[in-house]
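Single-structure report; data block below.
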Amino acid sequence: MDWKSKRVTALLEAALIEDRATEDETTRLTIDPLLRASASILAKEDCVVSGLGCIPAFLEIFARLSKKPVGRFEVISHPEIFDGVRVKKGQALAVIRHNAASILSCERVILNLMQRMSGIATLTAQYVREVQGTKAKVLDTRKTMPGMRLLDKYAVACGGGTNHRQDLHDDVLIKNNHISLGGGIPTVLKKALEDRRGGMRVQVEVRTFTELEQALLGGAEALLLDNMTPAEVAKAVKVIRKRAPGVSIEASGNMNLKTIRSYAETGVDFISVGALTHSAVAVDLSMKITADVY
């Protein structure tokens, strides 16, 4: 993750501006502007870490936005603590040494982002564990928080998941609404294969065996088996492997931790899980700040 990229910087800056971090009245009225402090970010539950790079990034942006000098800072993490590692309740993820007022003004935005990202990484790791021993890889989707897709998908990768389409220009995925509005699978698939740009792969979503037959006859390069039962997916996989062995197979549709194993055992290549980013629960992190400890 490039935490200094323009896209990420704009997102973090917007978060600080939204919270009016440089206009923190409570801190201005109660904290000596020269006070130095040390802040420990603590895991209050077992989790997979994601988002450590946002800590120095937020502090650098805050310093730039602030009208007053805030002085130097450093962010320290144990070598064994990094994005993607699993930590136990009570472990310190990072220590910030900085001007106390700056720490207080940035505390909430840092925790908010890390809690969401670590929540996504933790949930993803649970799904990945469920499919261990099979060939299936767990994919994310475009069901991300608006404006935060880059960070949401990075958090999925931290949890061991595989990033799928980043945006609507990333390959061709013909779904149900395209099919119904475009005149059916044979028509839309033919158009897509003929007019696609560059080496874009054409994937077709199918929900029935009739649609599967149409997609295979039309030359689909990847298939998305949507909302089928595990038994139906297993049957479809056998048909596809026999007739089009080079076509990748993805299963999707209301996947959860109780059902994903049964889908993985059908032999699909991928299982997409929207819940990774639209239903992940933020993990509980806290920041303990102490003055004059160094």
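The values are calculated or read from the model by the stated rules, or taken from the named source; none is laboratory data. The shown structure was predicted, so the numbers you read here are calculated from the model rather than taken from an experiment. Cβ placement follows ideal geometry from the backbone for every residue including glycine, while neighbour counts extend to all protein chains displayed. Ligands, DNA and RNA are excluded from the accessible area calculation, which covers all protein heavy atoms including side chains. Shrake-Rupley method; radii C 1.70, N 1.55, O 1.52, S 1.80 Å.
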Task: Criterion: surrounded by 13 or more Cβ atoms within 10 Å (Cβ to Cβ), in contact with a Leu (Cβ under 8 Å, 6 or more places away or on another chain) and within 26 Å of Arg149 (Cα to Cα) - qualifying residue of Val239, Val202, Val283 - done: Val202
TODO: Mind telling me which of the residues Arg261, Arg241 ends up being under 22 Å from the mean Cα position of the chain (by Cα) and either part of a helix (DSSP H, G or I) or touching a residue at least 12 places away in the same chain (Cβ under 8 Å) (or both)?
DONE: Arg261
Task: Boolean, Val268 is at pLDDT 95 or above and farther than 18 Å from Asp171 by Cα - done: yes
- [ ] Return the only residue of Val70, Val75 being open to solvent by less than 90 Å² (accessible area, probe 1.4 Å), in a loop (DSSP other than H, G, I, E, B), among the β-branched types (Val, Ile, Thr) and in contact with a helix residue (DSSP H, G or I) (Cβ under 8 Å, 6 or more places away or on another chain).
- [x] Val70
- [ ] Taking Ser77 as the residue in question, decide whether it is free of Cβ contacts under 8 Å to residues at least 24 places away in the same chain, in contact with a Leu (Cβ under 9 Å, 6 or more places away or on another chain) and closer than 25 Å to Ala157 by Cα.
- [x] no
TODO: Residue by residue through the range 136-159, note down the ones that are open to solvent by 50 Å² or more (accessible area, probe 1.4 Å), touching a residue at least 60 places away in the same chain (Cβ under 8 Å), within 17 Å of Met255 (Cα to Cα) and out of contact with any His (no Cβ under 6 Å at 6 or more places or on another chain).
DONE: Lys137
Task: Qualifying residues in the range 1-56 (those that are assigned to a helix (DSSP H, G or I) and in contact with a strand residue (DSSP E or B) (Cβ under 8 Å, 6 or more places away or on another chain)) - the one surrounded by the most Cβ atoms within 10 Å (Cβ to Cβ) - done: Ile55
